[in-house]
Amino acid sequence: MLKLKQIIVFFGLLVFINAQIFAQDVTTCQNNEPDSTILPVAISWPDNRDKQPLDKKNWLTIQQLNQQQLQHAVWVDVRSGNKNKESGLDMLAIPLHQLSGAQFLFDKPVILVGSGFDQLSVNQTINHLRKKGFKHIFALNGGIYEWQKLHQPTQLRQQEITAEEFLSGGKTIHWQIITLGLNAEQLATLPEQPVKQFAQTQITASALKQFIHNNAKSSDDFIRYVLISPDEQTLKRLQQQISFADSANIIWLRGGITAYQHYVQQQTKLSKHAGQSLSRPCRLTI
């Protein structure tokens, strides 16, 4: 009888202990706490100072397109993901990696339209397709961003770019960066050196516009300046004070340097921990 009581007490304790462990695991999972076995990774900040060259023979500007080309060319939207928004053109939508299988385009004049920030991959794809015999394939310089500048009302034009677009576009676009209130630590994470740094106390609409006016130069790049604030809150405040709606080649970095840093950190973690779980899985442990 005594042994039976001891066995019952033992199993009772075992159930209680496992219940506590289960509750702790559930709480950890719900709080999405990182697994302590996954060590932090060192961030190597990207460097876009040396721009990747594009093959000029592959690219056409809006100004180079005549009316016949606009009407008779086959326009193909090659933007990735679900980005095929209303563009003002009746376009085919074919991902870049599937173009080589589109044999019906083999002998037709084709103009590819990317995001404007994917020019390196578009350029590489055109070179590959021409080797396979696609002789009349080109891309629109600036992609959908450039097209919309001519075909959308000023208030609907894209005024911001994402951290991903900033990083990928910076590989080929010779834009200039203007920082607005960034500290030394934040400046050190930028992929290229800013042409001008404004301290928080120096930021005024007149000072910024005067600098841009004094440094205006002719350029083939569809974006001339990228304005970078510390964070989203500061960005919105500055946008209320400073408007560039009439300047199609000036754009803001969405979320500021904080969003860019977060994007690079996330991409680094995904790369370093490929195949590993970044958070503790929800499981019952008994």
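We did not get these values from a lab; they are worked out from the coordinates using the rules stated. Since this is a predicted model, take the numbers as computed values, not measurements. Ideal geometry is used to build each Cβ from the backbone, glycine not excepted, and the neighbour counts take in all protein chains shown.
Each residue of the range 191-200 was assigned a 3J(HN,Hα) from its phi angle through the Karplus expression (A = 6.51, B = -1.76, C = 1.60, θ = phi - 60°), giving x, 8, 6, x, 7, 8, 10, 9, 6, 3 Hz with x at Gly and Pro. For the range 56-151, what does the alpha-carbon gyration tensor say about shape, rounded, prolate or oblate, given a ≥ b ≥ c as the root eigenvalues, a/c under 1.5 as rounded, and a/b over b/c as prolate? It comes out rounded by the Cα gyration axes. Between Ile137 and Val110, the built amide H atoms are under 5 Å apart, and every one of these is 5 or more places off in sequence or on another chain. Working ranking of peptides 71-81, 262-272 by packing, defined as the average number of other Cβ atoms within 10 Å per residue, highest first, is 71-81, 262-272.
In the structure shown, do any of Lys57/Lys108; Lys149/Lys209; Lys51/Lys135; Lys236/Lys269 have a Cα-Cα gap over 24 Å, and if so which?
Numbers: Lys57/Lys108 17 Å; Lys149/Lys209 20 Å; Lys51/Lys135 27 Å; Lys236/Lys269 29 Å.
Exceeds cut-off: Lys51/Lys135; Lys236/Lys269.
The phi-based Karplus calculation (6.51 cos²θ - 1.76 cosθ + 1.60; θ = phi - 60°) puts the 3J(HN,Hα) values of the range 205-217 at 4, 5, 5, 5, 5, 5, 4, 4, 4, 5, 10, 5, 9 Hz, whole numbers, x for Gly and Pro.
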